[in-house]
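Since the structure comes first, as structure tokens, the remarks are kept for the end.
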Amino acid sequence: MEPIYLDNNATTRMDPEVLDAMLPYFSTQFGNASSAHHFGIEVGGALKLARRQLQSLVGAAFDHEIIYTSGGTESDNTAILSALETRSERNEIVTTTVEHPAILALVGHLERSRDIKVHYIKVDPQGRLDIEGYRRALGPKTVLASVMWANNETGTIFPVAELAELAHDAGALFHTDAVQAVGKIPIDLKATAIDMLSLSGHKLHGPKGIGALYVRKGTEFKPLIRGGHQERGRRGGTENVPAIVGLGKASELAAASLSEELTRVRDLRDRLEFGILEQIGHCFVTGDIENRLSNTSNIAFEYIDGEAILLHMNRAGIAASSGAACTSGSMEPSHVLRAMGVPFEALHGAIRFSLSRNNSDREVSTVLEALPGIFTKLRALSPLWRDRKQGQDLGMRDYV
Ligand SMILES: *Cc1c(COP(=O)(O)O)cnc(C)c1O
């Protein structure tokens, strides 16, 4: 059996059309876009087209609002550090407890190493942001608010257009990590007050190691990487031409398949989710079901270890992921699920299923046939499950 890939929020398979678009730029089209001769001019034209394709996907008003980077992580770092440098009279950052490590690791470092205060806005058990708390945290000292558009673990979508307006009311900049949102939901930046937005190629069927930071025209900006005049002096280094061309093609394809994402992919996800809830029991969906990416389903299974589930699914040829991260040899439950207050007995059993336009109805059927057997077997082996059945109070909630 062909393995079934349900881990598209970790990375996606590059579209074959993207590869085809990239190939000439690894061989005959090797010029440097900055060169004034034939070789450079053709490559320059390809970069221009790619920039337009991406501009159109995110609804940017101008193509020069796009700055290419090495990926989502660099875009996130660039946005925050630029804001701090341009607004040095302010020293507070507002963000959330559920951001990607590309944000949290940086702001944590800034908090420890500089005179910078970070406000971490909480989420409720459904993963919804505490908007009142956000409003209160904004003030005359806020440099920037950075709130993700969609959460990578649960798919929960935050109301970033509204959050951007609130940030502006406080005189602060607004950045959003939209790595999971771009290509999955319609985005029209020119209709919002968002100042900066991060995206990444490999999350939308494009290549790895390429991303972009949107910076609204007129927003003051300081580069993270200084060097040549590439990207209008905002990001030095010879352009990664094949990857930029690939991201352009991936953007064009994402725009064309957006409606499929919102219909066929959603139906597949829903069928998978309902099937699991119905057949397996003692599990629940985490995140804001009303405002969620159409490809993502994060399900917490009680009294069972997520790593064991993944291992058995992997043996059955099914790839998904758990929210847990391995830190110093032990499994740390996901910071996102902890922030939502998911109870202890389910925290370690959360599995993220993330689909894409590459998945088929047949694959979902295969998964739904394979999973019940896996869970029956694992629960039979689980001391937590046996204890639950004996009706013992494990007192585990205190542990959270
Ligand atoms: C994957 C991801 C990133 C990191 O992007 P890279 O291109 O892998 O650096 C940042 N934020 C979110 C929400 C992501 O899902």
Result of the Cβ filter at 9 Å on segment 101-118, keeping first residues that are more than 16 Å from the ligand (Cβ to nearest atom) and partners that are in a loop (DSSP other than H, G, I, E, B) and among the hydrophobic types (A, V, I, L, M, F, W, C), at least 6 apart or interchain, is Leu110/Ile116
Scanning segment 255-285 for residues that are in contact with a helix residue (DSSP H, G or I) (Cβ under 7 Å, 6 or more places away or on another chain) and within 22 Å of Ile4 (Cβ to Cβ) gives Leu268, Arg271, Leu272, Gly275, Ile276, Gln279, Ile280, Cys283, Val285
Residues that are away from the ligand (no atom under 16 Å from the Cβ), closer than 17 Å to Val182 by Cβ and small (Gly, Ala, Ser): does segment 38-51 have at least one? yes
Checked pairs for segment 154-177, first on the phi > 0 side of the Ramachandran plot, second in a strand (DSSP E or B) and of a type outside the set (Asp, Glu), C-beta under 8 Å and 6 or more apart or across chains, list as Gly155/Arg292; Gly155/Thr296; Gly155/Ser297; Gly155/Asn298; Gly155/Ser354; Gly171/Thr142
Within segment 5-20, of all residues that are of a type in the set (A, V, I, L, M, F, W, C) and touching a strand residue (DSSP E or B) at 6+ places or on another chain (Cβ under 8 Å), the one farthest from Ser294 (Cα to Cα) is Ala10
When (1) modelled with pLDDT of 95 or more; (2) buried (at least 22 other Cβ atoms within 10 Å of the Cβ); (3) in a loop (DSSP other than H, G, I, E, B) are applied to Asp288, the one that fails is (2)
Quick count over segment 202-244, residues being closer than 11 Å to Gly71 by Cβ and outside any loop (DSSP other than H, G, I, E, B), is 6
Picking from Leu347, Leu355, the residue that is in contact (Cβ under 8 Å) with a residue 12 or more places away in the chain, crowded, with 22+ Cβ neighbours inside 10 Å and over 21 Å from Trp385 (Cα atoms) would be Leu355
Looking across segment 358-400 at residues that are in a loop (DSSP other than H, G, I, E, B) and modelled with pLDDT under 95, the single one that is surrounded by the most Cβ atoms within 10 Å (Cβ to Cβ) is Ser382
Pairs returned, first residue in segment 121-149 that is outside any helix (DSSP H, G or I), second residue that is among the aromatic types (Phe, Trp, Tyr), beta-carbon separation under 6 angstrom, 6 or more apart or interchain, are Ile121/Tyr134; Leu129/Phe158; Ala145/Phe174; Val147/Phe158
Only one of Leu253, Leu272 is among the aliphatic types (A, V, I, L, M), at pLDDT 95 or above, away from the ligand (no atom under 15 Å from the Cβ) and not assigned by TED's automatic domain parsing to the domain that holds Val182, namely Leu272
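The values are calculated or read from the model by the stated rules, or taken from the named source; none is laboratory data. Treat the numbers as computed from the prediction; the structure is a model and nothing was measured. When we count neighbours, we look across all protein chains shown, and the Cβ atoms used for this are built from the backbone with ideal geometry, even at glycine.
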